[in-house]
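Following: one structure in structure tokens, then a few remarks.
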Amino acid sequence: MLKQSISNNSLLLGFFALVSTAVIAGTFLNTQDAILENIRIAEESALLEIVPKSRHNNAMLDDTYTIDDQELLSLRSPKKLYIARNNSVPVAVIIPATARDGYTGDIDLIVGINIDGSVAGVRVLSHRETPGLGDAVDRKKSDWVDGFSGKSLDNPGIEQWTVKKDKGVFDQFTGATITPRAVTKSVSRALQYFSAHQHDILKLRATQTVNDEIISND
């Protein structure tokens, strides 16, 4: 009887496990589309902070291709580059970049660059910088990143693309220099990347038939 009881309990547990798995799988499938749509909305919101709808009329999330640059952008994996267009005419691009020399590790950001080579806007996407000090690079904490808007490789000159402590033109934070120095350097390198690849970026995106062409250092 003991063996029979164990066997019955095992079958019962197995049945409940099977039912639970089916319920979880069904719930996932039913909510997957909603989750993906929420992710898309959040992603688009970040892009629109840099290039608002008043400046373009295309869907930036659909006007992309993948780049994998480790030299200037310091990317650790392929990421999306976005193009903003107004009536099919490019007005800006949004380039991903990573500052690997943050105080406590990588700082991932996106850099909006107007077609004339000036900065449209910068947003830090993720970081582990010290709260109350280095985290001021986050637009939710301060407006420090707004200081890049309108700047270009010619304004100021490339040698001044650093913090004031290093004889540059950008402010550092009280008690924290490493973080703003790293972000400033990363933004300047994104501008250099755009300057070097602008023709290829716009020509490639205009002629490609797939949405995932990869530009690399090769």
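The values are calculated or read from the model by the stated rules, or taken from the named source; none is laboratory data. Keep in mind that this is a model prediction, so the values were computed, not measured. For neighbour counting, all protein chains shown are included, and Cβ atoms are generated from backbone atoms with ideal geometry for every residue, glycine included. Quick note on the areas: whole protein, heavy atoms, side chains included, nothing else; ligands and nucleic acids left out. Shrake-Rupley method; radii C 1.70, N 1.55, O 1.52, S 1.80 Å.
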Residues that are out of contact with any Pro (no Cβ under 7 Å at 6 or more places or on another chain) and open to solvent by 10 Å² or more (accessible area, probe 1.4 Å): find the strands (runs of 3 or more DSSP E) completely inside region 67-135 holding 3 or more of those.
79-86, 89-99, 119-126
Of (1) over 22 Å from Ala182 (Cβ atoms); (2) modelled with pLDDT of 90 or more, Ile35 satisfies all except one. Which?
(2)
Test: Ala196 is at pLDDT 85 or above, in contact with a strand residue (DSSP E or B) (Cβ under 9 Å, 6 or more places away or on another chain) and either assigned to a helix (DSSP H, G or I) or open to solvent by 60 Å² or more (accessible area, probe 1.4 Å) (or both):
no
Residues to consider are Asp63, Asp68; find the one that is in contact with a helix residue (DSSP H, G or I) (Cβ under 8 Å, 6 or more places away or on another chain) and acidic (Asp, Glu).
Asp63
Among (1) open to solvent by 70 Å² or more (accessible area, probe 1.4 Å); (2) under 19 Å from the mean Cα position of the chain (by Cα), Lys164 falls short only on (2)
Does Gly147 qualify as being touching an Asp or Glu at 6+ places or on another chain (Cβ under 7 Å), open to solvent by 30 Å² or more (accessible area, probe 1.4 Å) and not in a loop (DSSP other than H, G, I, E, B)?
yes
Going residue by residue through region 181-191, is there one that turns out to be open to solvent by 60 Å² or more (accessible area, probe 1.4 Å), in contact (Cβ under 8 Å) with a residue 24 or more places away in the chain and in a strand (DSSP E or B)?
no
